[in-house]
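K.L.:
Okay, handing you the structure first.
Read-outs throughout are calculated quantities, based only on the coordinates presented, and are distinct from any laboratory measurement. Keep in mind it's a predicted model, so treat the numbers as computed, not measured. Cβ sites come from the backbone with ideal geometry, for glycine too, and all protein chains shown count toward neighbours.
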Amino acid sequence: MPADEPRYVVHDLLFATADGTRQEKVVLISWCPAGVKAVERIAHSSGCSTLRNLLDGVQVYVQATDLSDVEYEALVSRAS
């Protein structure tokens, strides 16, 4: 993920629960790191709201500002 530019990511997350059940969830990630200019941040936020309304099947929404927010374990934790 770029450190100075916002992005939208749709990710098909595959994982297993604690009891071994396999899960698959569609995750929408809104990536907007702290170094983004205010104007870009506002435009990204507005676009994300529109995107959320247009996409069907997204089960998990993540607002990420740091790479730790999009690590596999963090995504699984939110999806579980």
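K.L.:
Report the extension gain between residue 1 and residue 37 in nm, rounded to one decimal, defined as 0.36 nm multiplied by the number of residues separating them, less their alpha carbon distance. All intermediate terms of the calculation are to be shown ahead of the outcome.
P.N.:
Numbers: separation 36, 0.36 × 36 = 12.96 nm, distance 1.65 nm.
In short, 11.3 nm is gained.
K.L.:
Could you derive backbone 3J(HN,Hα) for the stretch 38-55 from the dihedral phi with the Karplus parameters 6.51, -1.76 and 1.60 (θ = phi - 60°), listing whole Hz in sequence and x where the residue is Gly or Pro?
P.N.:
Values, residue by residue: 4, 4, 5, 4, 5, 4, 5, 4, 5, x, 5, 4, 5, 4, 4, 6, 8, 7 Hz.
K.L.:
Shifting gears a bit: Taking K and R as +1 and D and E as -1, what net charge do the other residues with C-beta under 15 Å from the C-beta of residue 2 add up to?
P.N.:
Values: positive: 7, 37, 41; negative: 4, 5, 40, 66, 69.
Charge balance in the 15 Å sphere: -2.
K.L.:
So, with +1 on the Cβ of K and R and -1 on the Cβ of D and E, and no other charges, what is the size of the charge dipole of the chain about its Cα centre, to the nearest 20 debye? Can you show the working numbers first?
P.N.:
On the way: 7 positive and 11 negative charges, 49 e Å.
Using only the charged Cβ atoms, the result is roughly 240 debye.
K.L.:
In addition: Taking 0.36 nm per residue of separation and subtracting the Cα-Cα distance, what length does fully extending residue 60 through residue 8 add?
P.N.:
Working: separation 52, 0.36 × 52 = 18.72 nm, distance 1.33 nm.
Extending this stretch completely gives an extra 17.4 nm.
K.L.:
Right, here's the next one. Would you mind getting me the FRET efficiency between residue 16 and residue 46? Use the beta-carbon distance for r and R0 = 30 Å, nearest 0.05.
P.N.:
Values: r = 36 Å, r/R0 = 1.21.
With R0 = 30 Å, the Cβ-Cβ based efficiency is 0.25.
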